[in-house]
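Let me begin by presenting the structure, written as structure tokens, before commenting on it.
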Amino acid sequence: MKKILSFIMVLMLCGVLASAQTHPVKGLVTGPDGSPLPGITIQVKGTTTATASDASGHFEVSAGDDATLVFTELGSRSKALKLTVAPHWK
């Protein structure tokens, strides 16, 4: 029983440490003419973390400081953008 509890405690600690390294990233997806683009999938590259832009093009996803976000429109090509975190945000 102690081994199981210790294992659970280690898993919880790993989860806390991993979540401490991510931050909410908010944004607005727009087209070339500046109009909002709804339904764009935004995924943190190399993870299963993803979201979609809402009806007004806004999104929020949790990502690390050095993450790359991949934006995909249904049936279209993807665009990858590397996050740049301002030093005062760290």
Next item on the list: Quick one: which residues, 5 or more positions from VAL25 or on another chain, have an amide H under 5 Å from its amide H? H modelled 1.01 Å from N in the peptide plane, none for Pro or chain starts.
Entry: VAL61, SER62, ALA63
Next item on the list: Would you mind computing, in nm to one decimal, how far apart the modelled labels at THR51 and ALA80 are, each placed 7 Å from Cα along Cα→Cβ?
Entry: 2.2
Notebook entry, point to check: HN-Hα J couplings of segment 67-77 from phi, Karplus 6.51/-1.76/1.60, θ = phi - 60°, integer Hz, Gly and Pro as x?
Noted result: 6, 10, 9, 10, 9, 10, 9, 3, x, 10, 6
Check: Just how large is the dipole of segment 24-89 about the Cα centre, in debye to the nearest 20, putting +1 at every Lys and Arg Cβ and -1 at every Asp and Glu Cβ?
Finding: 160
Notebook entry, point to check: What residues qualify as long-range amide H neighbours of ALA67, i.e. H under 5 Å apart, gap of 5 or more or another chain, H built at 1.01 Å from N?
Noted result: LEU83
Check: ³J(HN,Hα) across segment 28-42 via Karplus (A = 6.51, B = -1.76, C = 1.60, θ = phi - 60°), whole Hz, x for Gly/Pro?
Finding: 10, 9, 10, x, x, 8, x, 6, x, 10, x, x, 7, 7, 10
Check: Check HIS58: other-chain or 5+ apart residues with amide H under 5 Å from its amide H, H built from backbone geometry?
Finding: VAL29
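Values quoted throughout were computed directly from the atomic coordinates according to the rules given, and no laboratory measurement underlies them. Quantities reported herein were computed from a predicted structural model and do not represent experimental measurements. Note: ideal-geometry Cβ built from the backbone for every residue, glycine included; neighbour counts use all protein chains shown.
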